[in-house]
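Q: Here it is, the structure, as structure tokens.
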Amino acid sequence: MMSRTSMVLKGFIILGLLGGLLLPAGQKASAETVHTYKDETSSFAINGSSVRMTGEHVVWRENGQIRYGNTSTGQKTVITNHGKSTDSPAIGINGSGEAVVVWADKRNQSEGTGNLNWDIYSYNLSTNTEKKLNDTVGQHRIPSIDGNYIVWQTNPDYEMHVYDMTAGVLTNLGLGRDPIVGNGRIVYKGAADGSLYEYDIAARTHEKILDLPYSQYVERFVFNGEEILWKQRDMDGYGKYTFMDLGENNPQPVDLTEPVIQGVEYKEMSITDGMAVWLEASGGSVVMKGADLTGGSSYTLGVTKPSQFIGFNGDGLVLVNNGKLVNRTIIQTEAGLSNNRDDGQNTGGTVIGLDGGIVSADDQAASLKFEQGTFNADTRIVLEKSTETALFDSKPAQGMTWAGMAWNWTADAELKKPAMLTFELEQALDSADLANRIGIYRYIESDGKWIYAGGMVDSAWSKVHAQVVTEGLYALFTYTPSFSDMKGHWAQSEVEVLASRWIVNGMQTGNFEPKQSVTRAQFAKMLVETAGLGTGQAGGGSFRDVPDGHWAARWIGQAAAAGWIKGYEGSLFKPNAAVTREEMMVMLANAARLGKEDTSDTLSGYADADRVREWAKPSVEAAIKSGIIQGNGGFLNPGGTSTRVEAAAVIYRWLAMKGEVFNG
């Protein structure tokens with residue numbers, strides 16, 4: 001019976017792709033079907049490279065030696081321990097159902113640069129028997145195994161050898177390059193040309209299956225026993241990905257991509273029943289690309305690294321990340337999209353429906369979470385890593401440093417609700433100071449500058465998130481503002497942290513002016529920014545003295561819409577008036593949603609408690625009980641004004657109460 005782990009690995013992709021016809025010969029794959037993916041990390045740990053899998057069986061190189069593991073049982077076996085070089089491990093199941101490891105080995109060869117000879121070895125996990133397969137001295141390399149057969153080539157003469165494990169017979173197949181065995185046949189490149197050939201093991205016949213003109217050649221290929229995926233190149237340097245299904249009558253090549261000029265190349269590729277994947281360079285990143293061989297769509301499967309790539313294990317796509325096997329589920333979505341762009345950008349991406357969902361990329365280095373009702377119809381979201389490093393020289397203020405992460409996202413429809421954008425750092429921040437000052441910024445192309453979008457850090461200091469409503473380019477910056485009149489001040493740290501989050505700003509002089517009275521408009525802005533409400537109303541609501549052009553109109557309008565602030569008779573807000581301590585506590589209690597009690601003895605300890613007006617008492621009591629507001633020498637001074645630094649200290653305490661600033 002197949003183990004549960006094996007079943008998960010072999011049946012990991014749920015695609016519904018097995019129906020339908022293959023594309024006509026020469027037809028390009030389209031980009032109409034949307035694919036996305038999700039990752040599931042297994043508990044099986046690997047510390048090595050050259051990882052290959054067959055079902056629950058996995059083999060790799062560790063410290064130059066061959067290792068085997070079983071993902072179902074957790075068993076690990078040392079295959080070689082001789083200290084000489086090994087290479088190209090592979091694993092297969094023979095006709096008796098036994099797992100067999102094969103590899104290239106230099107134990108009988110000197111390690112000098114002049115000795116290029118290798119031998120081919122096999123190891124049967126059931127019988128614990130090892131066997132050297134080649135009977136000649138030479139550069140025996142890159143073995144392939146399937147069923148009872150093992151095939152490899154020798155350099156530089158390109159002789160191919162096949163070993164029959166059942167009969168124990170070694171056969172020279174003649175000349176050919178890079179042979180791969182599967183389902184009783186061997187596919188290989190010609191020794192003297194760039195075409196593809198097939199050898200039928202039972203019939204002992206060779207046949208050319210891809211006849212290319214002299215100006216074109218197969219650079220590299222993979223074969224799964226039925227389908228072949230290859231990179232085809234011409235003499236001008238243009239390359240394209242193509243596949244062929246040998247199970248078809250009169251099989252013909254089908255182009256998966258348009259020819260493009262050669263750039264950075266990666267050898268990693270894989271194919272399974274109805275699906276192919278390969279790696280491409282995209283800016284400074286390596287992107288996994290895929291193609292649905294039955295439906296005709298191409299898609300992107302996120303940023304990865306060549307060292308992480310394993311490929312298809314049966315029908316499941318497997319990677320290795322941070323020393324653990326990762327099963328990647330590919331999800332196909334063919335729902336109609338609303339407001340589709342016609343700008344050539346509708347390739348790849350993720351479709352988010354009415355119920356919302358999450359879009360992630362690069363092993364969740366960046367993600368977007370959409371709530372239910374964010375969109376009125378299925379909407380395509382594209383989240384891609386940005387490499388436009390020149391833009392990061394344009395900063396909102398001195399003291400800003402780019403944190404090395406930037407992502408661009410687009411949506412085919414406007415958001416009805418904010419989305420949560422999260423950046424996951426490769427390494428956790430190493431200080432509370434950095435955690436308090438890092439933030440997410442959005443690039444405004446028309447102005448050529450960055451604006452603050454928010455940035456809450458999690459308790460592990462490894463993730464930064466912010467609510468966003470506008471698509472575009474977002475990046476992480478740390479900001480260390482400095483005000484000359486705050487040097488050595490008791491609230492220097494608090495003010496600088498708030499300034500780094502753009503909750504408070506300096507004055508036109510460049511100083512903070514800590515002793516100035518804070519105005520009602522300034523405090524409204526502090527509340528809205530601290531609450532992280534995102535974009536607010538364009539104008540100042542219904543206040544006659546807050547026109548749309550007022551510098552604080554957006555914040556005043558949003559605070560009023562939230563019910564935090566009220567105006568005076570005549571629909572006035574008096575934005576430039578100094579906010580009283582009593583008004584500040586009411587506004588703060590509303591914004592922080594502090595619990596208000598009808599009666600309390602909280603004010604009894606203050607000599608001027610009787611000066612607090614009745615309408616303000618519940619809020620004043622709540623603010624004091626929370627610890628955000630503190631009296632001064634036994635007095636509340638409710639009708640007095642607060643300085644800018646006192647207001648900053650109050651806001652900082654609110655952040656601390658919410659767990660959004662860190663100490664230590």
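The values are calculated or read from the model by the stated rules, or taken from the named source; none is laboratory data. Everything numeric in this text was worked out from a predicted model, so none of it was measured. Ideal geometry is used to build each Cβ from the backbone, glycine not excepted, and the neighbour counts take in all protein chains shown. Ligands, DNA and RNA are stripped out before the accessible areas are found, and what is left, the full protein with its side chains, is counted by its heavy atoms. Shrake-Rupley method; radii C 1.70, N 1.55, O 1.52, S 1.80 Å.
Q: Give the aspartates and glutamates reachable from K417 as a straight Cα distance under 18 Å; neighbours fewer than 8 places away on the same chain don't count.
A: D355, E371, D378, E471, E529
Q: If you don't mind, another one. Suppose R0 equals 51 Å; then what is the FRET efficiency for K416 and F635 from their Cβ-Cβ distance, rounded to the nearest 0.05?
A: 0.60
Q: I've got another one for you. Can you give the local net charge around H82? Use residues other than it whose beta-carbon is closer than 10 angstrom to its beta-carbon, Lys and Arg +1, Asp and Glu -1.
A: Computed value for this residue: +2.
Q: In region 356-515, if the dipole is taken from +1 on Lys/Arg beta carbons and -1 on Asp/Glu beta carbons about the Cα centre, which of A428, A499, I444 is farthest to the positive end?
A: Of the options given, the answer is A499.
Q: When a/c is below 1.5 the answer is rounded, else prolate if a/b is larger than b/c, else oblate, so apply that to region 431-481 with a ≥ b ≥ c taken from the square roots of the Cα gyration tensor eigenvalues.
A: Judged from the Cα gyration tensor, region 431-481 comes out oblate (a/c at least 1.5, b/c at or above a/b).
Q: On to the next question. Among the listed pairs K38/K324; K189/K289; K240/K289; K38/K231; K189/K240, give every one whose C-alpha distance is greater than 22 Å.
A: K189/K289; K38/K231
Q: Does region 124-261 classify as rounded, prolate or oblate by the C-alpha gyration tensor (a ≥ b ≥ c root eigenvalues; a/c under 1.5 gives rounded; else a/b over b/c gives prolate, otherwise oblate)?
A: Prolate is the answer for region 124-261, as a/c is 1.5 or above and a/b outweighs b/c.
Q: So, with +1 on the Cβ of K and R and -1 on the Cβ of D and E, and no other charges, what is the size of the charge dipole of region 52-178 about its Cα centre, to the nearest 20 debye?
A: 320
Q: Keeping all protein chains in place, calculate the accessible area per residue for region 410-458 (probe 1.4 angstrom), answer in Å².
A: Roughly 47 Å² per residue, with all protein chains present.
Q: For region 139-205, what is the charge dipole size about the Cα centre, in debye to the nearest 20, if Lys and Arg each add +1 at the Cβ and Asp and Glu each add -1 at the Cβ?
A: 40
Q: Shifting gears a bit: Under 29 Å Cα-Cα from K487, which lysines qualify once same-chain neighbours fewer than 8 residues away are excluded?
A: Once the sequence-local lysines are set aside, what remains near K487 is K395, K449, K515, K525, K658.
Q: Also: Around P575, what is the net charge, scoring Lys/Arg as +1 and Asp/Glu as -1 over all other residues with Cβ under 9 Å from its Cβ?
A: Net charge in that neighbourhood comes out at +1.
Q: Tell me, what HN-Hα J-couplings in whole Hz come from the Karplus equation 6.51 cos²θ - 1.76 cosθ + 1.60 at θ = phi - 60° for each residue of region 405-413, using x for Gly and Pro?
A: With the stated coefficients, region 405-413 comes to 10, 8, 9, 10, 9, 10, 9, 7, 7 Hz.
Q: How much length, in nm to one decimal, is gained on full extension between L175 and E207, taken as 0.36 nm per residue of separation minus their Cα-Cα distance?
A: 10.2 nm
Q: With axes computed from alpha carbons, what is the tilt in degrees of helix 520-531 against the longest principal axis of the chain, rounded to the nearest 10 within 0 to 90?
A: 30
Q: Give the residues of region 309-323 whose amide nitrogen is closer than 16 Å to a point set 7 Å from the Cα of V264 in the direction of its Cβ.
A: 309
Q: Output the 0 to 90 degree angle, nearest 10, between the alpha-carbon long axis of helix 617-626 and the longest principal axis computed from the alpha carbons of the chain.
A: Tilt relative to the chain: about 50 degrees.
Q: What is the percent of Cα-Cα separations in region 33-83 that go past 16 Å?
A: 47
Q: N155 to D87: extension gain in nm, 0.36 nm per residue of separation minus the Cα-Cα distance?
A: 23.0 nm is the gain from fully extending N155 to D87.
Q: Compute the distance from the alpha-carbon center of region 430-473 to that of region 566-623, in whole Å.
A: Region 430-473 and region 566-623 have Cα centres spaced 33 Å from each other.
Q: Given a 1.4 angstrom probe, I'd like the percentage of the accessible area of the chain that is carbon and sulfur, rounded to a whole number.
A: On the chain, the fraction of accessible area on carbon and sulfur atoms equals 46 percent.
Q: 7 Å from Cα along Cα→Cβ at both L354 and Q398: what's the point-to-point distance in nm?
A: Each label point lies 7 Å from its Cα, and together they span 5.5 nm.
Q: Given a Förster distance of 51 angstrom, what is the FRET efficiency for R611 paired with A460, based on the Cβ-Cβ distance and rounded to 0.05?
A: Working from the Cβ atoms, E equals 0.65.
Q: While we're on this one: Exposed loop sites here are chymotrypsin sites (Phe, Trp or Tyr not before Pro) in DSSP loop states with at most 14 other C-beta atoms within 10 Å. What is the longest stretch of the chain lacking them?
A: The longest uninterrupted stretch comes out as 215-489.
Q: Hey, if you put +1 on the Cβ of every Lys and Arg and -1 on every Asp and Glu Cβ in the chain, which of M53, T643, N124 ends up farthest toward the positive end of that dipole?
A: Toward the positive end, the furthest listed residue is T643.
Q: Set the Förster radius R0 to 60 Å, insert the Cβ-Cβ distance between V137 and K324 as r into 1/(1 + (r/R0)^6), and round the FRET efficiency to 0.05.
A: My answer for the efficiency is 0.90.
Q: A further question follows. For the chain, what is the calculated [θ] at 222 nm in deg cm²/dmol (nearest 500), taking -39500 (n - 2.57) for each run of four or more DSSP H residues and dividing by its residue count?
A: That comes out to -3500 deg cm²/dmol.
Q: Also, quick follow-up: Multiply the residue separation of T41 and I451 by 0.36 nm, subtract the distance between their alpha-carbon atoms, and state the gained length in nm to one decimal.
A: The span from T41 to I451 would gain 144.0 nm if fully extended.
Q: What do you get for trypsin sites (Lys or Arg not before Pro) in region 466-556 restricted to DSSP loop and a cutoff of at most 14 other Cβ within 10 Å of the site's Cβ?
A: Hits after loop and neighbour filter: K487, K515, R544.
Q: Compute the label zone of D236 within region 182-221: residues whose backbone N is under 19 Å from the point 7 Å along Cα-to-Cβ.
A: From region 182-221, the list is 212-219.
Q: Give the residue from A276, W615, I556 lying farthest towards the positive end of the charge dipole for the chain; charges sit on Cβ (+1 for Lys and Arg, -1 for Asp and Glu) and the dipole is referred to the Cα centre.
A: The residue sitting most towards the positive pole is W615.
Q: With a ≥ b ≥ c taken as the square roots of the eigenvalues of the C-alpha gyration tensor of region 537-663, please select rounded if a/c is under 1.5 and otherwise prolate if a/b is larger than b/c or oblate if it is not?
A: Since a/c reaches 1.5 and a/b is larger than b/c, the shape of region 537-663 is classed as prolate.
Q: Same structure again: What are the trypsin sites (Lys or Arg not before Pro) within region 81-173 that DSSP puts in a loop, where the Cβ has at most 15 other Cβ atoms within 10 Å?
A: K84, R107
Q: Once you charge only the Cβ atoms, +1 for Lys and Arg and -1 for Asp and Glu, what is the size of the charge dipole of the chain about its Cα centre, to the nearest 20 debye?
A: Magnitude of the dipole: close to 1660 debye.
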